[in-house]
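Written out below as structure tokens is the structure these notes cover.
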Amino acid sequence: TVCTQGIVGNIGSSDGIVPIWNAARRWFADDCVPVPERCVTWIAPAELPAAAHAAPQFGPLAADYARRVFAREGREFDVRLCVRNFPADAIIAEPAEFEQLNFRGELSADYAGLAEFTVTRDARMDGLVLWTRLHNGNDPAVDFLEHQQAWLPVWFPLEASLELRHGDVVRAEWQCVTPAGQVFPDYTVTVVHDSAVGGRITSSYSSRHHEMRVGQTALHRKLLAALGDPAAAPDG
């Protein structure tokens, strides 16, 4: 009659909740109360904090984790990135809904979406930030951009930053696809900006659960280089 779960990820579906939830629903009462009731993932264009933009590096725990994973897999690859203590004022346009998981019914494994973002100030767009909000009945939502505790905001980097002016419009399209035989979905986002100076600029980024690529963005290349350089290791 009540089902609680904590399988939502930094992007709601990223930890494989969709097939698990759909398979479990046969055990639920007709009026089963899900906790949480909904998980909404939001997406917005943003600029990295100054320190992260100038000299990106993994924190100590993340660096140790990445080295262990790479050693186990026998190779490096582009890990999915999160940013701790991501400041809300680094977001440069109103966010859009990326994904909604309504646990009162069956969940969809694959979906597509799009949004147009109007930039609210002159800014450098380095990528897209994604984060979740958990909703439970009439209680206030738990926003993991505001409360960066259980889940941290996800960062999808652009290959090259965009210099934007107040009022510019950036279009983003995305897809979520779960490969056959896999519970973890893959995400692809394409950003389009029509610049008065440089014409149309298009940038695509894919974040796969079983990632094979290495160094697909400048940010990943810098992070992997810093990971292999003892002198670049963060303190504390």
Open item on the list: Taking 8 Å as the Cα distance limit and 6 or more residues as the minimum spacing, I'd like the relative contact order of the range 11-122 as a percentage.
Closed with: 47
Open item on the list: Just to be sure I follow: if Rg is taken over the C-alpha atoms of the range 166-229 and Rh is the Kirkwood radius over the same atoms, what is Rg/Rh?
Closed with: 1.09
TODO: Can you tell me the dipole magnitude for the chain around its Cα centre, using point charges on the Cβ only (Lys, Arg +1; Asp, Glu -1), in Debye to the nearest 20?
DONE: 580
- [ ] Quote the accessible area belonging to residue 209 in square angstrom, nearest 10, computed with a 1.4 Å probe and with ligands, DNA and RNA left uncounted.
- [x] 70
Task: Positive-end residue, the chain charge dipole about Cα centroid, Cβ charges, pick of 216, 71, 12 - done: 71
Open item on the list: As a test of reading the structure, rank 53, 210 by solvent-accessible area (1.4 Å probe, protein chains only), most first.
Closed with: 210, 53
Task: Alpha carbon convex hull of the range 103-144, projected area averaged over orientations, nm² - done: 5.3
- [ ] Could you grab the Rg to Rh ratio for the range 137-192? Cα atoms only, Kirkwood for Rh.
- [x] 1.07
Task: Normalised contact order of the range 110-236, rounded percent, pairs of Cα under 8 Å and 6 or more residues apart - done: 24
Open item on the list: When 1/r is averaged over all different Cα pairs and the result inverted, which Kirkwood radius in Å belongs to the range 116-236?
Closed with: 17.1
TODO: Quick one: accessible surface of residue 13, probe radius 1.4 Å, all protein chains present, in square angstrom to the nearest 10.
DONE: 10
Open item on the list: Using the Cα centre of the range 1-92 as the reference point, and only Cβ charges (+1 on K/R, -1 on D/E), how large is the resulting charge dipole? Debye, rounded to the nearest 20.
Closed with: 300
Open item on the list: Quick check: net charge around residue 10, other residues with Cβ under 14 Å of its Cβ, Lys/Arg +1 and Asp/Glu -1?
Closed with: 0
TODO: Rank 95, 142, 115 by how far each Cα sits towards the positive end of the charge dipole of the range 57-200 (+1 on Lys, Arg Cβ; -1 on Asp, Glu Cβ) and give me just the farthest.
DONE: 142
Open item on the list: Looking at the chain as a GNM with Cα springs under 10 Å, which of 171, 38, 72 has the largest mean-square fluctuation?
Closed with: 72
Open item on the list: Suppose accessible area is computed on protein heavy atoms with a 1.4 Å probe; arrange 201, 11 from highest to lowest.
Closed with: 201, 11
Open item on the list: Please report the equivalent ellipsoid semi-axes of the range 84-154, computed as sqrt(5 x eigenvalue) of the Cα gyration tensor, largest first, in whole Å.
Closed with: 24, 17, 11
Task: Extension gain from residue 138 to residue 122, taking 0.36 nm per residue of separation minus the Cα-Cα distance - done: 2.0 nm
Open item on the list: I need to check one value: relative contact order of the chain, counting alpha carbon pairs closer than 8 Å and at least 6 residues apart, in percent.
Closed with: 25
Open item on the list: Quick check: at a probe of 1.4 Å, how many percent of the accessible area of the chain sits on carbon and sulfur atoms?
Closed with: 52
- [ ] Take the Cα radius of gyration of the chain and divide it by 2.2 N^0.38 Å, with N its residue count; two decimals is plenty.
- [x] 1.06
TODO: On each of the three principal axes of the Cα atoms of the range 13-79, give max minus min coordinate, whole Å, ordered largest first.
DONE: 53, 33, 17
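The values are calculated or read from the model by the stated rules, or taken from the named source; none is laboratory data. Keep in mind that what you see is a predicted model, and the values were worked out from it rather than measured. Cβ coordinates were reconstructed from backbone atoms using ideal geometry, including for glycine residues, and neighbour counts include every protein chain displayed. Heavy atoms of the whole protein, side chains included, go into the accessibility calculation; ligands, DNA and RNA do not. Shrake-Rupley method; radii C 1.70, N 1.55, O 1.52, S 1.80 Å.
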